[in-house]
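The values are calculated or read from the model by the stated rules, or taken from the named source; none is laboratory data. Keep in mind that this is a model prediction, so the values were computed, not measured. Note that each Cβ is placed from the backbone with ideal geometry, even for glycine, and that neighbours are counted across all protein chains shown. These accessible areas exclude ligands, DNA and RNA; they are computed on the full protein's heavy atoms, side chains included. Shrake-Rupley method; radii C 1.70, N 1.55, O 1.52, S 1.80 Å.
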Amino acid sequence: MNRKLNFNAGPSALPIEVLEQLQEHLVDFQGDGISIIENSHRGKSFDALYHETLDLVRELLGVPEGYSVLFLGGGATLQFGMIPMNFLALEAGADYIRSGSWSDGACKDAQKVGRVNLLFDGSSGGYTTLPAADTVKPTEGTSYLYLCSNETIGGVQWKKWPETGSVPLIVDMSSDILSKPVPVDRFDMIFAGVQKNLGPAGATLIIMKDELAKRSRDDLPGYLNYHAHIQKDGLMNTPPVFTIWAVKLVLEWVKAQGGAAAMDTLSQRKSSLLYGVIDSMGDFYRCPVDPLYRSTMNVVFRLPTEELEKEFITAAGKQGMVGLKGHRSVGGCRASIYNGVPEDSVEALAGFMKEFARTHG
Ligand SMILES: *Cc1c(COP(=O)(O)O)cnc(C)c1O
């Protein structure tokens, strides 16, 4: 078997142990004689699997009482629309931090529903920095404050959280969920497309304070209403069965590694290694992101010219390294080093980067 070193931004690397378990148990799930993806989502096997998965989410992320956990379809992108549809009160508007492509997408959808107050707009600076958390103050009476904890394309990551008092804090954690411990009780809603750190594509994890869910607008179609999902225990309709199974295996893997704290240590080590190379090869590599907010998940960097960037990506490909091209909207290079990316892949990349700079600098 010739597995690549996978630095894809999403869908992205999964632990090999998880892929092997999926393969081993696909055809006959726990002696059922059929696979879990051929079985009823109201049946015993899925019911047990589903509730074990929810319990693992609660345990590994430290979700307190008074919060519900859901897996919805539609990707993280559906949440960009569902959040304002449910919670944006017309008179009050909602506060947004526009820190990159993903929060920009969320702003655009919210603007179709109501008024958006931009508390911070990083677009003029090319989305390379964030406001200091303690300077972020919600607007009086606003519906909620929205931010993206890790901008996957720009590589900008929050390290501390704003204090919002009674204003609900809603966060898109798609690309850094479970990469470190987070104080869930500081948030009213966390959501994350699972295909970066938690599994394959097909589901969005939602952790929502029940008090917030109760404020969902009740004139929305069923699937768009958070409260309705919670009342149905997340099983209003057929859930993404396969994805939930894979997420469960990933969560078990994370638990066996030592949980969120262990993922944090590992992510710090992996990202420091790459930023160390970027900062130590003269001005061959350059990370455009403010050092205070460099992402531990998506390490973005530039080379002296676009020609060299192309050459770098091609040469890395020959070494079996894939997914290093920056997002098409920004160019450059990006190494996504989620939980599923082994440390030795990152060490190999760091070694390759040093060598490439030595021979091309
Ligand atoms: C990938 C990503 C999304 C979009 O996820 P989809 O599941 O493709 O809709 C949203 N926000 C962030 C931060 C992401 O990284």
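Computed quantities for the displayed model
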quantity: Area of Ser101 that stays accessible when all protein chains are in place (1.4 Å probe, Å², to 10); calculated: 40
quantity: Charge dipole magnitude, Cβ of K and R +1, D and E -1 - the chain, Cα centre, debye nearest 20; calculated: 680
quantity: List Asp55, Asp134, ordered by accessible area with a 1.4 Å probe, largest first; calculated: Asp134, Asp55
quantity: Entries of Lys209/Lys325; Lys108/Lys180; Lys108/Lys232; Lys160/Lys209 with Cα pairs more than 27 Å apart; calculated: Lys209/Lys325; Lys108/Lys180; Lys108/Lys232
quantity: At q = 0.16, 0.17, 0.20 Å⁻¹, base-10 log of I(q)/I(0) for region 309-360 (Debye sum, equal scatterers on each alpha carbon); calculated: -0.46, -0.52, -0.72
quantity: Rotationally averaged projected area of region 17-256 (alpha carbon convex hull; nm²); calculated: 13.0
quantity: Cβ-derived FRET efficiency at R0 22 Å, Asp121 paired with Ser329, nearest 0.05; calculated: 0.80
quantity: Neighbour net charge for Asp279 - beta-carbon separation under 11 angstrom, K R +1, D E -1; calculated: +1
quantity: Sequence of Thr128, Thr314 when ordered by accessible area, the most exposed leading, probe 1.4 angstrom; calculated: Thr314, Thr128
quantity: Accessible surface of the chain, 1.4 Å probe, proportion on carbon and sulfur as whole %; calculated: 51
quantity: Cα gyration tensor shape of region 1-85, rounded if a/c is under 1.5, else prolate or oblate by comparing a/b with b/c; calculated: oblate
quantity: Dipole of region 17-256, positive end: most advanced residue of Ser216, Leu54, Val254 [Cβ charges, Cα centre]; calculated: Ser216
quantity: Modelled FRET efficiency - R0 22 Å, Glu52 with Asp210, Cβ distances, 0.05 increments; calculated: 0.55
quantity: Antiparallel DSSP beta bridges within region 54-189, as percent of all bridges there, nearest 5; calculated: 15
quantity: Longest segment of the chain lacking GluC sites (Glu not before Pro) that sit in a DSSP loop with at most 14 other Cβ atoms within 10 Å; calculated: 164-361
quantity: Stretch gain in nm, segment Ser35-Gln111, where the contour uses 0.36 nm per residue and the Cα spacing is subtracted; calculated: 23.0 nm
quantity: Spin-label pair Lys354/Asp134, simplified geometry with 7 Å Cα→Cβ offset, distance in nm; calculated: 3.8
quantity: Fraction of beta bridges assigned by DSSP in the chain that are antiparallel (%, nearest 5); calculated: 55
quantity: Helix-only CD estimate at 222 nm, as mean residue ellipticity for the chain, using -39500 (n - 2.57) per DSSP H run (n ≥ 4); calculated: -12000 deg cm²/dmol
quantity: Accessible area expressed per residue, region 260-360, with surrounding protein chains retained (probe 1.4 Å, Å²); calculated: 45
quantity: Solvent exposure of region 17-256 as accessible area per residue, Å², 1.4 Å probe; calculated: 40
quantity: Highest-fluctuation residue, Gly66, Gly75, Gly155 considered, GNM on the chain with Cα pairs under 10 Å; calculated: Gly66
quantity: Shape call, region 121-248: gyration tensor on alpha carbons, a/c limit 1.5; calculated: oblate
quantity: Residue-span extension gain [Lys4 to Met281] - 0.36 nm each, minus C-alpha spacing; calculated: 97.1 nm
